[in-house]
Amino acid sequence: MSDNQTSASGASTNQGTAPASSMWGGRFAGGPAAIMQRINASIDFDQRLYAQDIRGSKAHCTMLVKQGIITAADGDAILAGLEQVLQEIEGGNFPFRTELEDIHMNVEARLAEIIGEAAGRLHTARSRNDQVATDFRLWVRDALDGMEAALKGLQQALLDRAFEHAGTVMPGFTHLQAAQPVTMGHHLMAYVEMIGRDRGRLADARVRLNESPLGSAALAGTSFPIDRHFTARQLGFDRPMNNSLDGVSDRDFALEFMSASAICAVHLSRLAEELVIWTSAQFRFVKLSDAFTTGSSIMPQKRNPDAAELIRAKTGRVIGDLNALLIVMKGLPLAYSKDMQDDKEPVFECADTMELAIAAMTGMIKDMVVNTDVLAAAAGAGFTTATDIADWCVRELKMPFRRAHHVAGSLVKLAEDKGCDLPDLSLDEMRTVEPGITEAARAVLSVESSVASRISHGGTAPDNVRAAVAAARAKWL
């Protein structure tokens, strides 16, 4: 997609569509070399913009008629012709032609075949530069809205499982080592929070995106008395962009979309990694059905969490797409450069990848079977309630925490030496470490007591989790 002659000069735009070999007008006498056609054409991928391109053209045409720049008769013909083109594309009956380079010229050429010379008036007071900028913003806005809806569905699935398992104990980890008992509901709610921030980033990006570049023309605006506020409203934008140079050359909106996507993909990858670990034979915390696993070609016992593994891999692709566009944009002077034709493919791939990854993760969260007995056994392993005895010493014996920490550590060593868990130590054995310990201290060593005691805001206590689920439903759903 490159800049086309605009009608600000009054030159070629009212003369119908030029032959494919001379679409740029009288400046070029010969056609491009075959290799130039191959590197220059974008129709193989930018045909995805067809709905946005036709929508933008309809708004532009309606404005041209309203402003008296073209006649109502020509406007009616153009609108009817554009609707026919839309139906042909959606019906799979539209012959996309590489020699016409891009979606804009393919649509315009077909429009000329349908309605004749009036088609050439559509490009009055615009350029392919502001046309593609408008199309692309509309497409990314649609992608943002689609991703936001998909993430809402993922949050719903996480919230449903979190409420279901608000009291299901499991080990909480730091350094992938058993640390303190938590609940499965609390663990899943952490991802609800992450996805909520992802949705917030998408919403913020949408606000900044929602300005219309249409009417910026090639780079300097136009001498025709257009109404940019009208076309902005027609296309659902909040306002027109304030600077025509910025209007045709800005791709911040695409970068923000991919940046938010990359952060979200990292969140999905972290959860995917947990599912890979949790489904392993060594953990067996959860099980995924045949719907989201595959077998081995040689080992019949295997159930591989391929959907989760592929989400991990696809995160790298999303991050790569963001890097690709950052590198394309980093050295471009104002205004439009042909480099920007390469902005579409990474954005399209990013959107497609995120759509698939979010759907797969939502499916796995709904599908997973939680092995509560395994989780309960693991929750108490590894001396996970050691902090609880330290806290008891602080509360009941008025110890400084550092001393209480030393006491708890000594109890852990005693249990290790005896080959048992902390709750298995007798009261007399515990008193060899700290004489002030009473039978009441032993009550805090159970996993259930530990999680129930974590009542601080954001803590893992089951009632906290249930309240957090209710608050998140009210906020996000």
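The values are calculated or read from the model by the stated rules, or taken from the named source; none is laboratory data. Note that the structure is a prediction, hence the values are computed from the model and not measured. FYI the Cβ positions are ideal-geometry reconstructions off the backbone, even for glycines, and counts take in every protein chain you see. Keep in mind that these areas ignore ligands, DNA and RNA; they rest on the heavy atoms of the full protein, side chains included. Shrake-Rupley method; radii C 1.70, N 1.55, O 1.52, S 1.80 Å.
Against the condition open to solvent by 50 Å² or more (accessible area, probe 1.4 Å) and either of a type in the set (A, V, I, L, M) or under 29 Å from the mean Cα position of the chain (by Cα) (or both), how does ARG38 come out, does it pass? So ARG38 does not fit the description; no.
Selection over region 177-204 of residues that are outside any helix (DSSP H, G or I), open to solvent by less than 40 Å² (accessible area, probe 1.4 Å) and over 18 Å from ILE455 (Cβ atoms) gives a count of 1.
For region 262-287, a tally of residues being touching a residue at least 60 places away in the same chain (Cβ under 8 Å), open to solvent by 60 Å² or more (accessible area, probe 1.4 Å) and part of a loop (DSSP other than H, G, I, E, B) returns 1. Taken together, ASP290, ASP227 contain a single residue that is in contact (Cβ under 8 Å) with a residue 40 or more places away in the chain and out of contact with any Ser or Thr (no Cβ under 7 Å at 6 or more places or on another chain), which is ASP227. Of note, ASP160 does not satisfy the criterion of being open to solvent by less than 40 Å² (accessible area, probe 1.4 Å), in the same structural domain as PHE283 (by the TED database) and more than 30 Å from PHE383 (Cα to Cα).
Counting the residues of region 241-279 that are touching a Leu at 6+ places or on another chain (Cβ under 9 Å) and of a type in the set (Val, Ile, Thr) gives 3.
Taking the numbered list (1) more than 12 Å from the chain's Cα centre (by Cα); (2) open to solvent by 10 Å² or more (accessible area, probe 1.4 Å) in turn, LEU209 passes all entries but (2). Summed over region 102-145, residues that are β-branched (Val, Ile, Thr), in contact (Cβ under 8 Å) with a residue 40 or more places away in the chain and open to solvent by 10 Å² or more (accessible area, probe 1.4 Å) total 0.
Remark: pairs (first residue in region 393-406, within 14 Å of ILE437 (Cβ to Cβ); second residue part of a helix (DSSP H, G or I) and open to solvent by 100 Å² or more (accessible area, probe 1.4 Å); Cβ separation under 8 Å; 6+ apart in sequence or on different chains) = CYS393/ARG403. Here the helices (runs of 4 or more DSSP H) wholly within region 289-400 that include at least 1 residues being β-branched (Val, Ile, Thr) and within 26 Å of the chain's Cα centre (by Cα) are 306-329, 344-367.
Against the criterion of being in contact with a helix residue (DSSP H, G or I) (Cβ under 9 Å, 6 or more places away or on another chain) and not basic (Lys, Arg), THR174 does not qualify.
For PHE173, the conditions (1) crowded, with 24+ Cβ neighbours inside 10 Å; (2) over 21 Å from the mean Cα position of the chain (by Cα) are fulfilled apart from (1).
The set of residues in region 409-460 being open to solvent by less than 40 Å² (accessible area, probe 1.4 Å) and over 15 Å from THR387 (Cβ atoms) consists of CYS420, LEU425, LEU427, MET430, GLU434, GLY436, ILE437.
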